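Undergrad: Once you've had a glance at the structure underneath, I'll fire off some questions.
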Amino acid sequence: MQFVPPDYFRKLSREEMFPDPSRPLEIDLGCGDGSFLVALAEAYPQRDFLGVERLLGRVRKVCRKAERAELTNLRVLRLETAYTVGWLLPDACATRVHFLFPDPWPKKKHHKRRLVTDDFCAAIERILVAGGEFLFKTDHREYFDEALPVLEAAAGLQRLDWAPDAFFYPTTDFEALWRAEGREVYSARFSRSS
Ligand SMILES: C[S@@+](CC[C@H](N)C(=O)[O-])C[C@H]1O[C@@H](n2cnc3c(N)ncnc32)[C@H](O)[C@@H]1O
């Protein structure tokens, strides 16, 4: 179901998002139509999942999918990603943050809209628990080449190997589209050092 924060101008508490703070929480930034998130929430009923998406139509689609699957461990927040990770989410709340096929903003005059910046990395470090993971995929080589050094320079993030079959990781809606077009996918996985 849709998650509406009680107050948009102060940090949430873990309990305001999901009632049991002892359960692992995974966050999908820019969750789109939500096939990835729904597949994860179905596979891991013992974990909670929060989708963050700014487009209302997509938020509604994910909520409908979650309701059809009778999922009680999935909620969707309609909000902008940078604000959400920078200001709204509590410290050390997430065991995994997924950042999958973010808009690459290919035109040079739009590059400043790209989300991976030093501030974004600091926010990801802040919201991850020690040992928590940040998982990034894109089909856009130039965006990947720009984002990777920024992520690698973040003091609290350590790059890990990510073999395609290392663990269950559903294909996203956009990933399916790009792979069908024969595009290559670039991936990077990081762990939050303690
Ligand atoms: C290319 S789609 C990828 C969707 C999904 N992750 C997937 O792989 O299928 C990017 C998604 O991020 C959302 N989005 C882009 N910028 C955003 C932002 N700053 N805050 C929240 N959502 C954003 C878009 O509305 C869109 O649904």
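The values are calculated or read from the model by the stated rules, or taken from the named source; none is laboratory data. Source: prediction; values computed, not measured. We place every Cβ from the backbone using ideal geometry, glycine too, and count neighbours over all the protein chains shown. Heavy atoms of the whole protein, side chains included, go into the accessibility calculation; ligands, DNA and RNA do not. Shrake-Rupley method; radii C 1.70, N 1.55, O 1.52, S 1.80 Å.
Undergrad: Rounded to the nearest 5, what is the percent of antiparallel bridges among the DSSP beta bridges in the chain?
TA: Numbers: 10 of 31 bridges.
Antiparallel bridges: around 30 percent, rounded to the nearest 5.
Undergrad: Suppose the Debye formula is applied to equal point scatterers at every Cα of region 153-194; what is log10 I(q)/I(0) at q = 0.23 Å⁻¹?
TA: Cα-only, vacuum Debye calculation for region 153-194: -0.88.
Undergrad: Of the accessible area of region 116-168, with the probe set at 1.4 angstrom, what percent is carbon plus sulfur? Write out the running numbers ahead of the final one.
TA: Details: 1330 of 2530 Å².
Carbon with sulfur: 52 percent of the solvent-accessible area.
Undergrad: Separate question: Counting pairs of alpha carbon atoms under 8 Å apart in space and at least six apart in sequence, what relative contact order in percent does region 1-105 give? If you can, show how the numbers build up before the last one.
TA: On the way: 179 pairs, mean separation 40.1, N = 105.
Relative contact order comes out at 38 percent.
Undergrad: Still on this model: Pull up the cross-link candidates among the lysines for Lys107, meaning alpha carbon to alpha carbon under 27 Å and not fewer than 8 places away within one chain.
TA: Lys137
Undergrad: If you don't mind, another one. Compute, for Arg141, the solvent-accessible surface of its heavy atoms (probe 1.4 Å) with the complete set of protein chains present, and express it in square angstrom to the nearest 10.
TA: Near enough 120 Å² of accessible area.
Undergrad: If you roll a 1.4 Å probe over region 3-62 with all protein chains in place, what percent of the accessible area is carbon or sulfur?
TA: Of the solvent-accessible surface of region 3-62, carbon and sulfur hold 54 percent.
Undergrad: Which lysines does Lys11 reach when only Cα atoms under 21 Å apart count, and residues fewer than 8 places away in its own chain are ignored?
TA: Those lysines meeting the cut-off do not exist here.
Undergrad: For Arg183 and Met1, calculate 0.36 nm times their separation in residues minus their Cα-Cα distance, and state this gained length in nm to one decimal. Before the final figure, lay out each step's value.
TA: On the way: separation 182, 0.36 × 182 = 65.52 nm, distance 3.30 nm.
Extra length available between Arg183 and Met1 comes to 62.2 nm.
Undergrad: So with the 1.4 Å probe, I'd like the accessible area per residue for the chain, rounded to whole Å². Spell out each step's value before the answer.
TA: Details: 9700 Å² over 194 residues.
Per residue, the chain has 50 Å² of solvent-accessible surface.
Undergrad: Once you put a point 7 Å from the Cα of Arg60 and another 7 Å from the Cα of His111, both along the Cβ direction, what distance in nm separates them?
TA: 3.8 nm
Undergrad: With the Cα gyration tensor of region 69-171 giving a ≥ b ≥ c as the square roots of its eigenvalues, does the rule (a/c under 1.5 for rounded; else a/b larger than b/c for prolate; else oblate) give rounded, prolate or oblate? Please report the intermediate quantities before stating the final value.
TA: On the way: a/c = 1.29, a/b = 1.23, b/c = 1.06.
Rounded.
Undergrad: If you don't mind, there's one more thing I want to ask. For region 1-43, report the % of Cα-Cα distances exceeding 18 Å. Kindly include the intermediate steps, with their values, before the conclusion.
TA: Numbers: 358 of 903 pairs.
Summing the P(r) tail past 18 Å for region 1-43 gives 40 percent.
Undergrad: Placing +1 at every Lys and Arg Cβ and -1 at every Asp and Glu Cβ, with all other atoms neutral, what dipole size does region 98-194 have around its Cα centre, in debye to the nearest 20? Don't jump to the answer; show the numbers that get you there.
TA: Values: 14 positive and 16 negative charges, 75 e Å.
Around 360 debye, computed over region 98-194.
Undergrad: Hey, got the dipole for region 14-192? About the Cα centre, +1 on K and R Cβ, -1 on D and E Cβ, debye to the nearest 20? Don't jump to the answer; show the numbers that get you there.
TA: Working: 27 positive and 29 negative charges, 114 e Å.
In debye, rounded to 20, region 14-192 gives about 540.
Undergrad: Now a separate question. Would you mind telling me which residue in Gly32, Gly51, Gly182 has the biggest mean-square fluctuation in a Gaussian network model of the chain, where springs connect alpha carbons within a distance under 10 angstrom?
TA: Per the Cα network of the chain with a 10 Å cutoff, Gly182 tops the list.
Undergrad: Give the value in nm², to one decimal: projected area of the alpha carbon convex hull of region 1-79, averaged over all directions.
TA: Working: hull surface 18.8 nm².
The Cα convex hull of region 1-79, projected and averaged over all directions, gives 4.7 nm².
Undergrad: Where does region 108-159 land on Rg/Rh, using Cα atoms and the Kirkwood Rh?
TA: Details: Rg = 11.5 Å, Rh = 11.8 Å.
Rg/Rh for region 108-159 comes to 0.97.
Undergrad: In vacuum, with every alpha carbon of the chain counted as one equal point scatterer, what does the Debye formula give for log10 I(q)/I(0) at q = 0.09, 0.12, 0.16 Å⁻¹? Two decimals, please.
TA: Those come out to -0.30, -0.56, -1.05, one per q.
Undergrad: Quote the relative contact order of region 14-192 in percent (integer), defining contacts as alpha-carbon pairs under 8 Å separated by 6+ residues. Write down the numbers at each step before the final one.
TA: On the way: 304 pairs, mean separation 39.8, N = 179.
Once divided by the residue count of region 14-192, the mean separation gives 22 percent.
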